[in-house]
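See below for the structure under consideration.
The values are calculated or read from the model by the stated rules, or taken from the named source; none is laboratory data. In this text, all values refer to a predicted model and were calculated from it rather than measured experimentally. Glycine also receives a Cβ, built like all others from the backbone with ideal geometry; neighbour counts cover every protein chain displayed.
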């Protein structure tokens, strides 16, 4: 069994789903420390007539000290929800498949979500479905596994009965190959695709939220991500 992991990014880029596609199971690391600095867990990039459009989810931080990702709450104050819907609607009004997903965009920025993890996982499952990624996801917190760094990843692999751990090539230096080898777990590395496809507003920008791909390519998005089914 091939296991991979990822933190629960907000509206992830396509590499998140490419990694899932190459795995038998993906474990979402929701029970690790929430970064104190800028993080992809609360924001991601879309595209508008100016180029990059940042969409950020405000969260409570002040006075809370270190939080685990699954403890972080969304800050409901302000008019950011309406602003985000308006920004995306203006930016993607002419995208071929935006209208098909407009209802879900409204749901994302409704007040139904209190915790960031619930919002992000709802988005991840939606994108996974429409990108036709069959790989099952599981939350780290549901496995009852804790730890840090290499130790955590090895515990997850053992818990799942995995023989291989899949990581991005860029993470190779941070993984202790000897530690994994002694645990009987093979390390496998891949370079995520960064597909080019037709999208709006001039020059192509790589690694935007996978929503950009979905809004522009619709049911062809899977084929764009995996043109040869083998990466």
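Scan the range 190-229 for residues that are touching a helix residue (DSSP H, G or I) at 6+ places or on another chain (Cβ under 6 Å), outside any loop (DSSP other than H, G, I, E, B) and closer than 16 Å to residue 47 by Cα and the total you get is 5. The set of residues in the range 173-189 that are within 27 Å of residue 39 (Cα to Cα), touching a strand residue (DSSP E or B) at 6+ places or on another chain (Cβ under 8 Å) and either at pLDDT below 95 or in a loop (DSSP other than H, G, I, E, B) (or both) contains only 175. Screening residue 118 with (1) surrounded by fewer than 17 Cβ atoms within 10 Å (Cβ to Cβ); (2) in contact with a helix residue (DSSP H, G or I) (Cβ under 7 Å, 6 or more places away or on another chain); (3) closer than 25 Å to residue 35 by Cα gives one miss only, at (2). From the list 34, 16, the one residue that fits, being within 19 Å of residue 171 (Cβ to Cβ), in contact with a strand residue (DSSP E or B) (Cβ under 9 Å, 6 or more places away or on another chain) and in contact (Cβ under 8 Å) with a residue 12 or more places away in the chain, is 16. Being in contact with a strand residue (DSSP E or B) (Cβ under 8 Å, 6 or more places away or on another chain) and surrounded by fewer than 17 Cβ atoms within 10 Å (Cβ to Cβ) holds for only one residue in 148, 169, and it is 169. Residue pairs whose Cβ atoms lie under 9 Å apart, sitting 6 or more positions apart in sequence or on different chains, and linking a residue in the range 204-219 that is at pLDDT below 95 to a partner that is not in a helix (DSSP H, G or I), do not occur here. Counting the residues of the range 194-219 that are surrounded by 15 or more Cβ atoms within 10 Å (Cβ to Cβ) and within 17 Å of residue 132 (Cα to Cα) gives 11.
Going residue by residue through the range 137-153, is there one that turns out to be over 29 Å from residue 59 (Cβ atoms), in contact (Cβ under 8 Å) with a residue 60 or more places away in the chain, assigned to a helix (DSSP H, G or I) and out of contact with any helix residue (DSSP H, G or I) (no Cβ under 7 Å at 6 or more places or on another chain)?
Of the range 137-153, the ones over 29 Å from residue 59 (Cβ atoms) are none.
No, every residue in the range 137-153 fails to be over 29 Å from residue 59 (Cβ atoms), in contact (Cβ under 8 Å) with a residue 60 or more places away in the chain, assigned to a helix (DSSP H, G or I) and out of contact with any helix residue (DSSP H, G or I) (no Cβ under 7 Å at 6 or more places or on another chain).
Restricting to the range 118-131, give me the number of residues that are assigned to a helix (DSSP H, G or I), touching a residue at least 40 places away in the same chain (Cβ under 8 Å) and over 11 Å from the mean Cα position of the chain (by Cα). Don't jump to the end; show me each part of the working.
The first filter runs over the range 118-131 and keeps only residues assigned to a helix (DSSP H, G or I), leaving 118-130.
Among the residues that remain, those that are also touching a residue at least 40 places away in the same chain (Cβ under 8 Å) are: 119-121, 123-124, 127-128, 130.
Still in the running and over 11 Å from the mean Cα position of the chain (by Cα): 119, 130.
Residues meeting the conditions: 2.
Quick check: is even one residue across the range 94-113 more than 30 Å from residue 176 (Cα to Cα) and touching a strand residue (DSSP E or B) at 6+ places or on another chain (Cβ under 8 Å)? Yes, because at least one residue in the range 94-113 is more than 30 Å from residue 176 (Cα to Cα) and touching a strand residue (DSSP E or B) at 6+ places or on another chain (Cβ under 8 Å).
Scanning the range 65-106 for residues that are more than 19 Å from residue 213 (Cα to Cα) and either touching a helix residue (DSSP H, G or I) at 6+ places or on another chain (Cβ under 8 Å) or surrounded by 15 or more Cβ atoms within 10 Å (Cβ to Cβ) (or both) returns 67, 68, 69, 70, 71, 72, 73, 74, 80, 81. Please work out if residue 52 is in a loop (DSSP other than H, G, I, E, B) and modelled with pLDDT of 95 or more. Considered against the rule, which asks whether it is in a loop (DSSP other than H, G, I, E, B) and modelled with pLDDT of 95 or more, residue 52 comes out as no.
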